[in-house]
Amino acid sequence: MLLSTYLQQYKSAILSLPKGTVLTKEDLQVDKLLMERNGKVEMYYAPHNEYINPSAKVIIIGLTPGFTQMGIAIQEAIIGLEAGLSDEEVCRTAKEAARFAGSMRNTLIHMLDTLKLHQHLNLTSCEELFQQQTILHTSSLLRFPVFVDKKNYSGAQPKLLSNSFLRAQALSSLREELNILSRALIIPLGKTVESILQLLVSAGELDKQRCLWGFPHPSGANGHRYKQFASQQEQMVKILHNHSWKG
C-alpha cells in the first residue's frame, strides 16, 4: 500500500542517475532529489518509506534513512523502474532491500532474538521478519532522508523536538502510519524516536502499552547500545509478554 505518490515526481530524476555503480553522496545529494530545505537541514527523496505493510504485527521505527539506505533504495528503484514494475512494487522492493541494511540489521535481529520476540510471532528467529512480507513494517520518524550540513542527521543538532520543521514532519508521518497500523507492536529505536511517541501518548493519541520502551538505536554510531539494551532488557521482556498479540 502506498502512503504517497512522490515517486511519480522523482521518477525521471532517479532514472537519470548513474547505473551499474554504487551511488555516492555526490550522486544522491542533488537538487533534482531535494524535497525541502530549512536552514542547514535538507530532506531528499528516497522511495522505500512510501510503502506501508497494512497487515504488519510489528512496526520498527528508526530516526531517518541515512546515505546507505537511501543509496540502496534508489538503486533498487532503478532496477524496478527499468523492469516496468508498478510504483507500489518499486517502493516495496526498495524497502525490502534497504530497511536497516548492513550490520545494523544484524544487531537489531540479535537484540530482538534475545528478547524472544520471535517466539511471540511463531518464528524461529527475528531474521525471518525481514524475509516475510506479512509481519513486519519498518519506517522512520522522518520518512525521507534528512541531512544536516550534508551529513546523516543524528537527532541532536538541531534537536528534533525544538525544530519546528522536523517536529512537524515527524508527527505528520507517525500519525498517518500509526492510524493504519492501529494495533501493531511499536519498536522505537532510540530516545529521539521515543520522545515523539511520548508526545502522542501525552495527547491521548497512542496507547503506551503498544510501545517497546527502552530499545536502543542499533547503529554502530551508538557506542552504548549494548549497555543500554542490557539495562532495559527485563522491562522490555515484560512489555512483550503483556502485549496483545491476537489483535
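Miscellaneous remarks
- Unmet criterion (only one of (1) under 16 Å from LEU141 (Cβ atoms); (2) not acidic (Asp, Glu); (3) not in a helix (DSSP H, G or I)) for GLY84: (1)
- Evaluating ASN106 against the criteria (1) over 24 Å from GLN233 (Cβ atoms); (2) of a type in the set (S, T, N, Q); (3) in a helix (DSSP H, G or I) leaves one unmet condition, (1).
- Single unsatisfied condition, TYR44 versus (1) more than 13 Å from LYS150 (Cβ to Cβ); (2) in contact with a helix residue (DSSP H, G or I) (Cβ under 7 Å, 6 or more places away or on another chain); (3) modelled with pLDDT of 95 or more; (4) of a type outside the set (A, V, I, L, M, F, W, C): (1)
- Residue check, LEU142 closer than 18 Å to GLY62 by Cα and either acidic (Asp, Glu) or at pLDDT 95 or above (or both): yes
- In the stretch 119-225, counting only strands (runs of 3 or more DSSP E) that sit wholly within it, the ones holding 3 or more residues that are under 14 Å from the mean Cα position of the chain (by Cα) span 136-140, 185-188.
- Residue count, the stretch 76-95 (criterion: without any contact (Cβ under 8 Å) to a residue 40 or more places away in the chain and within 21 Å of the chain's Cα centre (by Cα)): 4
- Residue pairs whose Cβ atoms lie under 6 Å apart, separated by 6 or more positions or on different chains, with the first residue in the stretch 126-152 and of a type in the set (Lys, Arg) and the second surrounded by fewer than 23 Cβ atoms within 10 Å (Cβ to Cβ) and part of a strand (DSSP E or B), do not occur.
- Residue in the stretch 17-40 that is closer than 27 Å to ASP113 by Cα and modelled with pLDDT of 95 or more present: no
The values are calculated or read from the model by the stated rules, or taken from the named source; none is laboratory data. Given the structure is predicted, the values throughout are model-derived calculations rather than measurements. All Cβ positions, even for glycine, are placed from backbone atoms using ideal geometry, and neighbour counts span all protein chains on display.
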